[in-house]
Every structure is written in structure tokens, then in C-alpha cells.
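Worksheet: one structure, shown below.
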Amino acid sequence: MKILVFTDWYLPGTQAGGPTQSLHSMTQHVGNAKFFIVTRNTDHGSTMPYPVQTETWISLTEHTHVFYLDEK
């Protein structure tokens, strides 16, 4: 099963609190589902980008892939 998620914030961010941690926890505990997460490349309330590559899929784990969007 493949699950596509659009969210304002995701790891490595910490300032958005519960929703970020809940989504991360879900990716760790939902069997063999593959998560594809589209998110921005900044943390909640910040304009400083994460030190990640943007505009391309990044495999965080075998089952979690993230596409970080830059501001533009």
C-alpha cells in the first residue's frame, strides 16, 4: 500500500509539535505501507531551511520518502 501525505511540517522539524510526531510514529508502525510525504523545507515559525536537498524525493527509511519544497 502507498500513502501520499501533504503536510506543512515534518521532520527534522520539532516546532509543529504533535502532528509531526504523530505522522512520524505512523510511518514507523503501519505494517509494510510506503509513505510519500510532501512538505516544506522549514520548521514551523522559521524561515531557515533544513539542511536537506529540496525538490527531489529523499528516502528516510525503506518505507518513508519525503519531498521537501522550498519557499518558491
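The values are calculated or read from the model by the stated rules, or taken from the named source; none is laboratory data. Computed from a predicted model, the values in this text were never measured in an experiment. All Cβ positions, glycine included, derive from the backbone under ideal geometry; neighbour counts span all protein chains shown. Please note that ligands, DNA and RNA were not included when accessible areas were found on the heavy atoms of the full protein model with its side chains. Shrake-Rupley method; radii C 1.70, N 1.55, O 1.52, S 1.80 Å.
Reported count of residues in region 8-27, each being open to solvent by 40 Å² or more (accessible area, probe 1.4 Å), polar (S, T, N, Q) and touching a residue at least 12 places away in the same chain (Cβ under 8 Å), is 2. Do you know which of the residues in region 33-64 that are assigned to a loop (DSSP other than H, G, I, E, B) and under 13 Å from V5 (Cβ atoms) is least open to solvent (accessible area, probe 1.4 Å)? It comes out as A33.
Among the residues of region 1-19, write down those that are under 16 Å from F67 (Cβ atoms) and either out of contact with any helix residue (DSSP H, G or I) (no Cβ under 9 Å at 6 or more places or on another chain) or of a type outside the set (F, W, Y) (or both).
Start the filter on region 1-19 by keeping residues that are under 16 Å from F67 (Cβ atoms), which leaves 2-13.
K2, I3, L4, V5, F6, T7, D8, L11, P12, G13, listed by residue number.
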